[in-house]
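The values are calculated or read from the model by the stated rules, or taken from the named source; none is laboratory data. Keep in mind it's a predicted model, so treat the numbers as computed, not measured. Every residue, glycine as well, gets a Cβ built from its backbone with ideal geometry; the counts of neighbours run over all protein chains shown. The accessibility values were calculated without ligands, DNA or RNA, using every heavy atom of the protein model including side chains. Shrake-Rupley method; radii C 1.70, N 1.55, O 1.52, S 1.80 Å.
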Amino acid sequence: STLDISRVEGIVETISTENGDRNKFALAKNKNVIVIQAESVQGFVINKEIEGQPITPVLNELINNNSIYFSQFYEQVGWGNTSDAEFVSHNGFYPSVKTFSYKAYEDNDFTSLPILLKNQGYSTIAFHGNEANFWNRESIYPSQGLDTFISIEELQQDELIGIGLSDGSLFRQSINYLKQQTKPFYGFYITLTSHHPFIMEEQYQGLDIQGEYKDTLLEDYLQTVHYLDKEIGNFIKMLKEADLYDNTMIVVYGDHQGLDMRNEEANELLTSFLGKPYEEDEMFRVPLITHIPDSSLQEEITTAGGQIDFLPTMANLLGLKVEPDKTLGKDLLNIDDGFVAKQVHVARGSFIDHEKIFIMSNDGIFENSRAWNIHTGESVNLEECRDGYERALAEVNLSEYVLQNNLIPLVKEKGLEYIIKHRL
Ligand code: GP9
């Protein structure tokens with residue numbers, strides 16, 4: 001059977017922590033929220049230098065001031081890549097394995113983070129420098145709770161880089177919309193300039209790279225990430241000038257990999273740059289930073305988590321009560337052991353936890369799988385992964401069942417356990 005009730009009861013129990021005494025509950029309650037989903041930004045760039053220059057000086061500084069930095073955070077996208085990062089993060093369910101989720105589930109009903117915030121009186125707005133119908137965004141945003149969508153069609157096309165409007169221009173032009181937006185607002189930004197193949201005119205390239213990585217794919221990638229980082233810095237300045245900074249929580253997370261380990265050139269470059277083999281554990285790792293002005297926060301969370309945990313984690317900070325068995329995500333500020341299931345780009349059943357990564361074999365034979373310690377790189381006995389493998393299967397199967405049958409409204413009413421017991 002695809003739905004193993006005992007496994008799922010385990011899941012529900014793991015994610016059940018009472019709301020009463022929660023760590024960091026409501027720290028950002030009623031604040032505006034700006035979420036920047038950063039195109040192709042991977043975890044390894046944080047606090048990393050190239051030829052003596054920090055790649056992400058702005059994000060590094062943000063992490064050290066009034067922020068929580070989740071350093072063991074992983075992407076969980078499917079075929080919908082950037083749009084799946086949005087889908088998984090906002091909804092707390094896994095992406096479709098068949099096609100991109102915004103298409104597969106376009107007629108579904110949702111209880112997304114923007115919807116939960118709307119219920120608290122928030123207005124919602126999304127910004128993206130590409131065409132509105134790309135990834136079917138325009139069609140699905142209303143049911144995702146994103147009421148206003150500012151895409152390239154609505155904006156001055158005053159600076160184009162790569163496949164659309166530059167991140168700098170998008171941030172700049174968004175300020176007027178934010179000023180007019182009813183407060184508190186949820187503002188969701190999907191950046192674009194650091195999109196593959198990372199081609200950008202020299203005037204935008206802020207890193208001076210002369211050594212072995214000069215004119216390589218790695219240089220191109222790092223230049224675009226550095227550009228985005230700088231533009232996030234400019235954006236924060238503009239928010240301050242517009243008096244929109246103090247009362248706003250600013251969140252940044254990476255959507256998915258920029259450099260694919262299966263690409264030989266990328267693999268060689270990163271293996272050399274990182275000084276260790278470039279494998280799935282590093283390829284799937286993306287940063288998550290939550291910045292709350294005047295909070296005195298400076299914390300690094302090393303609990304393993306993924307984009308599916310974004311909704312409950314943000315809900316906790318925003319003082320929203322998301323009952324634990326109403327999403328498959330977990331509040332990373334209130335659990336000890338995280339768990340990240342993967343099902344696209346690697347075989348279903350693959351997972352990451354606080355100490356190891358398990359990559360299920362594509363031939364479906366468990367014994368042919370690979371597993372290693374994410375901290376030391378040493379290989380891990382596969383038998384130690386069997387429980388996690390089964391849990392990963394149970395989670396992704398349950399998620400698929402809920403979404404394919406449009407059961408989120410029922411999950412909202414009765415919880416995941418009910419869905420399993422009654423096998424609707
Ligand atoms: C397209 C942009 C990039 O609008 O979000 O999507 P990707 O190709 O990275 O999935």
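Spin-label model, Glu390/Lys412: points 7 Å from Cα along the beta carbon direction are separated by 3.4 nm.
Each peptide in 262-269, 284-291 was scored by the mean count of other Cβ atoms within 10 Å over its residues; highest first, the order is 284-291, 262-269. What is the list of residues in region 98-116 whose amide nitrogen lies under 16 Å from a point 7 angstrom out from the Cα of Ile163, following Cα to Cβ? Residues passing the 16 Å test: 100-103. Taking 0.36 nm per residue of separation and subtracting the Cα-Cα distance, full extension of the segment from Tyr401 to Leu274 would add 41.8 nm. Students often get this wrong: which residues of region 340-369 have the backbone nitrogen under 18 Å from the point 7 angstrom along Cα-to-C-beta of Glu383? From region 340-369, the list is 366-369.
Sorted largest first by accessible area at a 1.4 angstrom probe radius, with every protein chain in place, the residues Phe198, Phe134, Phe25 fall in the order Phe134, Phe25, Phe198.
Is the C-alpha gyration tensor of region 291-424 telling us rounded, prolate or oblate? Criteria: a/c under 1.5 is rounded; beyond that, a/b larger than b/c is prolate, otherwise oblate.
Values: a/c = 2.65, a/b = 1.14, b/c = 2.32.
Taking the square roots of the gyration eigenvalues as a ≥ b ≥ c, region 291-424 is oblate.
Given axes a ≥ b ≥ c from the Cα gyration tensor, I'd like to know whether region 222-284 is rounded (a/c under 1.5), prolate (a/b larger than b/c) or oblate.
It is prolate, given that a/c is not under 1.5 and a/b is the larger ratio.
Between Ser96 and Ser101, the built amide H atoms are under 5 Å apart, and every one of these is 5 or more places off in sequence or on another chain. With every protein chain in place and a 1.4 angstrom probe, the accessible-area ranking of Tyr177, Tyr245, Tyr253, largest first, reads Tyr177, Tyr245, Tyr253. Put simply, the Cα atoms of region 182-229 extend 49, 18, 16 Å along their principal axes, the longest span coming first. Full extension of the chain between Glu154 and Ala347 yields a length gain of 65.5 nm, computed as 0.36 nm times the residue separation minus the alpha carbon distance. By a 1.4 Å probe calculation restricted to protein chains, Met314 has an accessible surface near 0 Å², given to the nearest 10. For region 361-415, carbon and sulfur atoms together expose 43% of the accessible surface, with a 1.4 angstrom probe and every protein chain in place. With the simple model of a label 7 Å out from the Cα in the direction of the Cβ, Thr376 to Ile175 spans 5.2 nm.
Counting heavy atoms of the protein chains only and a 1.4 Å probe, report the per residue accessible area for region 385-424 as a whole number of Å².
Numbers: 1780 Å² over 40 residues.
Ligands and nucleic acids excluded, the figure is 44 Å² per residue.
Taking the helices alone, the chain has a mean residue ellipticity at 222 nm of -10000 deg cm²/dmol, built from -39,500 (n - 2.57) per DSSP H run of at least 4 residues and averaged over all its residues. Taking all protein chains into account, the per residue accessible area for region 98-228 stands at 42 Å² (1.4 Å probe). Eigen-decomposition of the gyration tensor built on the alpha-carbon atoms of region 191-257 gives equivalent ellipsoid semi-axes of 28, 13, 9 angstrom, largest listed first.
Given a 1.4 angstrom probe, I'd like the percentage of the accessible area of region 201-349 that is carbon and sulfur, rounded to a whole number. Write out the running numbers ahead of the final one.
Working: 2120 of 5370 Å².
That fraction is 39 percent.
Per-peptide packing, taken as the mean over residues of other Cβ atoms within 10 Å, places 325-333, 147-155 in the sequence 325-333, 147-155 from highest down.
Heavy-atom accessible area for Trp79, with the other protein chains in place and a 1.4 Å probe, reaches approximately 130 Å². If you take all other residues with their beta carbon under 12 Å from the beta carbon of Leu244, and give Lys and Arg +1 and Asp and Glu -1, the sum is +2.
Show Glu367, Glu417 ordered by accessible area, largest first, where the area counts protein heavy atoms only and the probe is 1.4 Å. Kindly include the intermediate steps, with their values, before the conclusion.
Numbers: Glu367 115, Glu417 60 Å².
From most exposed to least exposed: Glu367, Glu417.
If I take all pairs of Cα atoms in the chain, what percentage of them are more than 31 Å from each other? Present the calculation step by step, with values, prior to reporting the outcome.
Numbers: 31794 of 89676 pairs.
The proportion of pairs with Cα distances above 31 Å equals 35 percent.
Between Met238 and Ser296, what is the spin-label point distance in nm, taking each point 7 Å from the Cα along the Cα→C-beta axis? Each label point is offset 7 Å from its Cα along the Cβ direction, giving 3.3 nm. Under a GNM of the chain (C-alpha, springs under 10 Å), which listed residue has the highest mean-square fluctuation: Ser139, Ser272, Ser89? Among Ser139, Ser272, Ser89, the largest GNM mean-square fluctuation belongs to Ser272.
How high is the FRET efficiency from Glu265 to Gln210, r the C-beta distance, R0 22 Å, rounded to 0.05? The pair Glu265/Gln210 has a calculated efficiency of 0.65.
Shape class for region 14-99, computed from the alpha carbon gyration tensor (a ≥ b ≥ c): oblate, with a/c not under 1.5 and a/b at or below b/c. Checked against a 26 Å cut-off, the cross-linked pairs Lys276/Lys356; Lys237/Lys321; Lys29/Lys330; Lys24/Lys342 give Cα-Cα distances beyond that limit for Lys237/Lys321; Lys24/Lys342. Counting 0.36 nm for each residue step from Arg423 to Asp336 and taking away their Cα separation leaves a gain of 28.3 nm.
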